[in-house]
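Visitor: My questions all concern the structure below.
Every number here is computed from the coordinates shown, using simple stated rules; none is lab data. Quick caveat, the model's predicted, so the values are computed rather than measured. Every residue, glycine as well, gets a Cβ built from its backbone with ideal geometry; the counts of neighbours run over all protein chains shown.
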């Protein structure tokens, strides 16, 4: 099974649909990691640092660069969504999420935070493109890492809805609550989904726009749930019906 | 002379640590707040001599914090240095009524610019 942009007619009508605004948003999002890498490099150049500090800063440069590169890679992928063919296949969400946690553990460790999986031992399979789904969850996790309180544990949660017809993968963070005004804004945008949603005021929303584009191509959708101590960003995807064929 | 205190309001943990390192080395007492709410709590506990403030923060933006600080006589007088990626879009003249004395561009600053800026205003 495969999906292309042409088979899925719902297109975004948000602020990133023209090239210039996408470019500005991408430039804005890349400023932070680049500015941090620059400050770390200048501090290393200064030379008046201990071996432990040097080791830690070099590690931070690597991890920050990787975060920036993930964004550029996602942007490239979005730009090619129109032309590409994406294979959809039954995926074990637990295995995928465990792989993601292993991939992200270095940056979480460097930030003194934990990430863990909340799931049944044998969750239902879902239908998705493995690479795109992986990018969505990493995108949510990057966002959560940045906004979560120090030393908090982030959760990747797997659940099912609609009597098992829909699988929800969510990333729960524990940090400042989304304000009422921001939540109303999110709800109004989600009500006329698909629309890009902005997670937090300081974000251009580009990361979530990318995630929603990837979800869209897999006939899924993204959303957000506010909690008093953080938020859960999730993607809903169709459950695999292969069990019903047995 | 007593040790001057600086409150760094910055949601990028690693950048905040770099700022604190530079400030501590220069002899300032430094505290870090990752968002505006924590900043208000810290200011409640102890008035800093200077606030170094990022603009795009988790939760409320810096402007909400600036409004809050201006609502009280004692906090309204704290000099503020904005340290932001948006420096090119902001002007000290426009923000002076909110206590902003200087704006540092994160994308071009050098680590010691923080020290020179603080010395310039206190």
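Visitor: Given the -39500 (n - 2.57) contribution per DSSP H run of 4+ residues, what per-residue ellipticity at 222 nm results for chain B, rounded to the nearest 500 deg cm²/dmol?
Guide: After summing the helix terms and dividing by residue count, I get -11000 deg cm²/dmol.
Visitor: Let me know the volume per residue of the alpha-carbon convex hull for region A:19-79, in Å³.
Guide: On the way: hull volume 3.6 nm³, N = 61.
In region A:19-79, the Cα hull volume divided by residue count equals 60 Å³.
Visitor: May I ask you to derive the FRET efficiency for residue A:84 and residue A:24 from their Cβ-Cβ distance with R0 = 35 Å, giving the value to the nearest 0.05?
Guide: On the way: r = 25 Å, r/R0 = 0.70.
Once the sixth-power term is evaluated, E becomes 0.90.
Visitor: Right, next: Could you give the nm distance between label points at residue A:114 and residue B:44, where each point is 7 Å from its Cα heading toward the beta carbon?
Guide: 2.9
Visitor: FRET efficiency for residue A:95 and residue A:70, Cβ-Cβ distance as r, R0 = 35 Å, nearest 0.05? Please report the intermediate quantities before stating the final value.
Guide: Numbers: r = 21 Å, r/R0 = 0.59.
According to the calculation, E is roughly 0.95.
Visitor: Once you order the gyration tensor axes a ≥ b ≥ c over the Cα atoms, which shape class does chain B get: rounded for a/c under 1.5, otherwise prolate or oblate by comparing a/b with b/c? Intermediate values should be presented prior to the final figure.
Guide: Working: a/c = 1.24, a/b = 1.06, b/c = 1.16.
It comes out rounded by the Cα gyration axes.
Visitor: Within region B:1-25, list the residues whose amide N lies under 14 Å from a label point set 7 Å along Cα→Cβ of residue B:112.
Guide: In region B:1-25, the label zone of residue B:112 (backbone N under 14 Å from the point 7 Å along Cα→Cβ) covers B:22-23, B:25.
Visitor: Starting with the highest mean, order A:80-93, B:8-21 by the number of other Cβ atoms within 10 Å, averaged over the residues of each peptide.
Guide: Packing proxy ranking, top to bottom: B:8-21, A:80-93.
Visitor: What's the ranking of A:53-62, A:122-131 by average number of surrounding C-beta atoms within 10 Å, highest first? Intermediate values should be presented prior to the final figure.
Guide: Numbers: A:53-62: 15.8, A:122-131: 19.4.
Descending mean neighbour count gives A:122-131, A:53-62.
Visitor: Gap in Å between the Cα centre of region A:24-90 and the Cα centre of region A:121-155?
Guide: 18
Visitor: Here is a further query. Please list, by residue number, everything in region B:36-70 whose backbone N is under 19 Å from a paramagnetic label point 7 Å out along Cα→Cβ of residue A:228.
Guide: B:37-38
Visitor: What is the order of A:142, B:94, fewest Cβ neighbours within 10 Å to most?
Guide: B:94, A:142
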